[in-house]
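So the structure is just underneath, and the comments pick up after that.
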Amino acid sequence: MSDPQSHRQLVVGNWKMHGSHAVNEALLEALKSAGPLPCNAAVCAPFPYLAQTAERLARSAISWGAQDCSAHEQGAYTGEVSAAMLADFGCRYAIVGHSERRALHAESDQLVADKAQAALARGVTPIVCVGETLAERDAGQTDAVVKRQLSAVIHTLAHCASEMMVAYEPVWAIGTGLTATPEQAQAVHALLRAQLHAATEHAASMKLLYGGSVKPDNAASLFAQPDIDGGLIGGASLKAIDFLAICRAAQR
Ligand code: PEP
């Protein structure tokens, strides 16, 4: 059955490698008791806390996801977590290709695409991150970089491409306090939307999230842009009051 609220903007928290059982209890309780939100919301917790997150958010309006998944189905891949394992207990989203993984774990465009494909094959929606570094932006390469990153995923997913979500996260804006202006973000989102249009007839309804130092005071102006359908929120997702304020800035 299709989700009757799928047209709403989506705000996803990326907790990164933060939290503890006790800290998560308080955060999840605050999110769960927040009351109705004007958007769809989700949190992506570290693997060891996914069960806690699933349990605490059961029967709430907030969904949950993982921050990565393996490109492999199963086997001798010590330390990896497969999409089948995530799906086994109801995981809805998996972030793939976050810039921290691309940079710190040398994840290639093709590996990211393979992870997205592995997630989709198990019914887990991949949130595919793309974004340029500051050096690439300064060199005028932003468009070429994000197009290259997205193209690998579109090519690999083929007719399923419309089932992913895309997060534009300029690397220079992640965790730095620097945010793309709404106009800068919209320009890249429009470019990504056009690229998706060329690949699928469902591009207009696909979710394109913006991430990079989104805070309560800049969320509304970003979310007001026509091709920004929500946000991927790092640091500000660790404080319930900030994450909820960002959710309440959703525009549609
Ligand atoms: C992120 O890690 O995806 C992110 C956008 O982080 P921050 O909001 O802290 O910039």
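Before moving on, here are some points about what is shown:
- Residue count for the range 235-252, restricted to those that are open to solvent by less than 20 Å² (accessible area, probe 1.4 Å) and either in a loop (DSSP other than H, G, I, E, B) or touching a Lys or Arg at 6+ places or on another chain (Cβ under 8 Å) (or both): 4.
- Tabulated pairs, the range 81-105, first within 16 Å of the ligand (Cβ to nearest atom) and open to solvent by less than 10 Å² (accessible area, probe 1.4 Å), second aliphatic (A, V, I, L, M) and assigned to a loop (DSSP other than H, G, I, E, B), C-beta under 6 angstrom, 6+ apart or interchain: 94/124
- Set 196, 209: member being buried (at least 18 other Cβ atoms within 10 Å of the Cβ) and within 10 Å of the ligand (Cβ to nearest atom): 209
- Within the range 121-131, the presence of a residue that is in contact (Cβ under 8 Å) with a residue 40 or more places away in the chain, farther than 27 Å from residue 63 by Cα and either more than 16 Å from the ligand (Cβ to nearest atom) or open to solvent by 30 Å² or more (accessible area, probe 1.4 Å) (or both) is excluded.
Yes or no, residue by residue, for (1) over 20 Å from residue 233 (Cβ atoms); (2) open to solvent by less than 30 Å² (accessible area, probe 1.4 Å); (3) in contact with a Cys (Cβ under 8 Å, 6 or more places away or on another chain); (4) within 16 Å of the ligand (Cβ to nearest atom):
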{"position": "8", "(1), (2), (3), (4)": "no, no, yes, no"}
{"position": "19", "(1), (2), (3), (4)": "no, no, no, yes"}
{"position": "33", "(1), (2), (3), (4)": "no, no, no, no"}
{"position": "43", "(1), (2), (3), (4)": "no, yes, no, yes"}
{"position": "65", "(1), (2), (3), (4)": "no, yes, yes, yes"}
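- Selection from the range 212-228 of residues that are away from the ligand (no atom under 15 Å from the Cβ), of a type outside the set (A, V, I, L, M) and outside any helix (DSSP H, G or I): 225, 226, 227
- If the condition is being part of a strand (DSSP E or B) and closer than 16 Å to residue 69 by Cα, then the range 36-50 contributes 43, 44.
- Test: residue in the range 146-158 that is without any contact (Cβ under 8 Å) to a residue 24 or more places away in the chain and within 16 Å of residue 116 (Cβ to Cβ): yes
- Taken over the range 166-195, the residue count meeting the criterion of being among the small types (Gly, Ala, Ser), more than 18 Å from residue 138 (Cβ to Cβ) and either in a helix (DSSP H, G or I) or touching a helix residue (DSSP H, G or I) at 6+ places or on another chain (Cβ under 7 Å) (or both) is 3.
- When residue 163 is tested against (1) more than 15 Å from the ligand (Cβ to nearest atom); (2) open to solvent by 30 Å² or more (accessible area, probe 1.4 Å); (3) charged (D, E, K, R); (4) under 27 Å from residue 136 (Cβ atoms), exactly one condition is not met: (4).
- Which listed residue, of 135, 198, 224, is touching a residue at least 40 places away in the same chain (Cβ under 8 Å), farther than 24 Å from residue 94 by Cα and small (Gly, Ala, Ser): 224
The values are calculated or read from the model by the stated rules, or taken from the named source; none is laboratory data. If you're wondering where the values come from, they're calculated on a predicted model, not measured in any experiment. Note that we place each Cβ from the backbone using ideal geometry, even for glycine, and neighbour counts take in every protein chain shown. To get the accessible areas, we keep the full protein, side chains included, count just its heavy atoms, and leave off ligands, DNA and RNA. Shrake-Rupley method; radii C 1.70, N 1.55, O 1.52, S 1.80 Å.
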